[in-house]
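The values are calculated or read from the model by the stated rules, or taken from the named source; none is laboratory data. Please read these numbers as outputs of a predicted model, since none were measured by experiment. With ideal geometry, Cβ positions are generated from the backbone for all residues, glycine too; neighbour counts draw on all protein chains shown.
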Amino acid sequence: MGDCILKSLALVAVAVGIANAAPAGRVVGKVTVTEASGKPASAEVIVYVVGFPEKGTDGTAATITQKGRTFVPDLVAITVGESVTFPNGDPFLHNVFSQSSTRKFDLGSFKKGESKEKSFPKSGVVDVYCNIHPEMAATILVLPNKRHTRAAADGTFTLDGVPPGTWTVFAYARRAAKPASAPVTVIAGQDATVNLSLVRGAEPPHVNKFGEKYKNSTTTYR
């Protein structure tokens, strides 16, 4: 009986190993960004595939620096379970926070040369702001797998290592009204082509970490 169980487990392990070793395909294409008027526009774009889980790496996967009262970069993608560091490169205090349901946090005020880190255990979109400077905004995409990339300046992208199957490809830009998406069928050892379009809008308004209008600000960030 014990030998039969061991043999069965061995066969399962072999099958899993074969599945994990199955050759993957690629998703390639281009993202076009325009203004609402149809005029060509530029934007930082993250392209990613959903439909299957994949474990992220342990530790820090991205860094968002506070420099010149901006977040640099203002859009990053990580995998569930990974962390983001927030170093302060300005000669004054910053207070990084998020009220997003995916991951609410408040790193408190910290000075130049100091850095804070936050992990993200759940997938979703995390909008990040500074409680001191209302003009500062960034977005973290916490994704279910590692098949994500930043599109090149001309909008082209390549997603390597995508397992065979039918999935959904998304393109995300911070100031787009909504992400663009399209189904894609990936065949092992082949390229699947997907072209997507985004319409860029204005920076969405927000309030501070207390849910109030920023002091000494003429703009209602809500």
Give the residue that is modelled with the highest pLDDT, with candidates limited to residues of region 57-75 that are exposed (fewer than 14 other Cβ atoms within 10 Å of the Cβ) and assigned to a loop (DSSP other than H, G, I, E, B).
Gly68
Which members of region 21-52 meet the condition of being at pLDDT below 95 and touching a Pro at 6+ places or on another chain (Cβ under 9 Å)?
Ala22, Pro23
Given the conditions (1) outside the structural domain of Phe105 (by TED's automatic domain parsing); (2) among the polar types (S, T, N, Q); (3) in a strand (DSSP E or B), and given that Ser37 satisfies all but one, which numbered condition is not satisfied?
(3)
Lone qualifier among Tyr172, Tyr214 - being more than 17 Å from Ser98 (Cα to Cα), outside the structural domain of Gln66 (by TED's automatic domain parsing) and aromatic (Phe, Trp, Tyr)
Tyr172
Looking at region 144-155, I want the residues that are more than 19 Å from Asp74 (Cα to Cα) and have a partner that is crowded, with 21+ Cβ neighbours inside 10 Å with Cβ atoms under 6 Å, at least 6 apart or on another chain. Which pairs are those?
Lys146/Thr79; Arg147/Val49; Arg147/Leu159; Arg147/Val162
Given the criterion farther than 23 Å from Tyr214 by Cβ, surrounded by fewer than 20 Cβ atoms within 10 Å (Cβ to Cβ) and not aromatic (Phe, Trp, Tyr), identify the matching residue among Gly51, Gly108.
Gly51
Quick check: anything in region 96-112 among the β-branched types (Val, Ile, Thr), in contact (Cβ under 8 Å) with a residue 12 or more places away in the chain and under 30 Å from Thr193 (Cα atoms)?
no
The one condition in (1) part of a strand (DSSP E or B); (2) in contact (Cβ under 8 Å) with a residue 40 or more places away in the chain; (3) of a type outside the set (A, V, I, L, M, F, W, C) that Glu54 fails to fulfil:
(1)
Does Ala188 satisfy being modelled with pLDDT of 95 or more and over 23 Å from the mean Cα position of the chain (by Cα)?
yes
Taking the residues in region 111-127 that are in a strand (DSSP E or B) and within 20 Å of the chain's Cα centre (by Cα) as candidates, determine which candidate is surrounded by the most Cβ atoms within 10 Å (Cβ to Cβ).
Val126
Regarding region 76-83, can at least one residue be identified that is in a loop (DSSP other than H, G, I, E, B), small (Gly, Ala, Ser) and more than 25 Å from Ala36 (Cα to Cα)?
yes
Residue list for region 66-77, filter: in contact with a Ser or Thr (Cβ under 9 Å, 6 or more places away or on another chain) and either of a type outside the set (A, V, I, L, M, F, W, C) or in contact (Cβ under 8 Å) with a residue 24 or more places away in the chain (or both)
Phe71, Pro73, Asp74, Leu75, Val76, Ala77
Filtered residue count, region 32-51, keeping only those that are within 17 Å of Ala177 (Cβ to Cβ) and in contact (Cβ under 8 Å) with a residue 40 or more places away in the chain
11
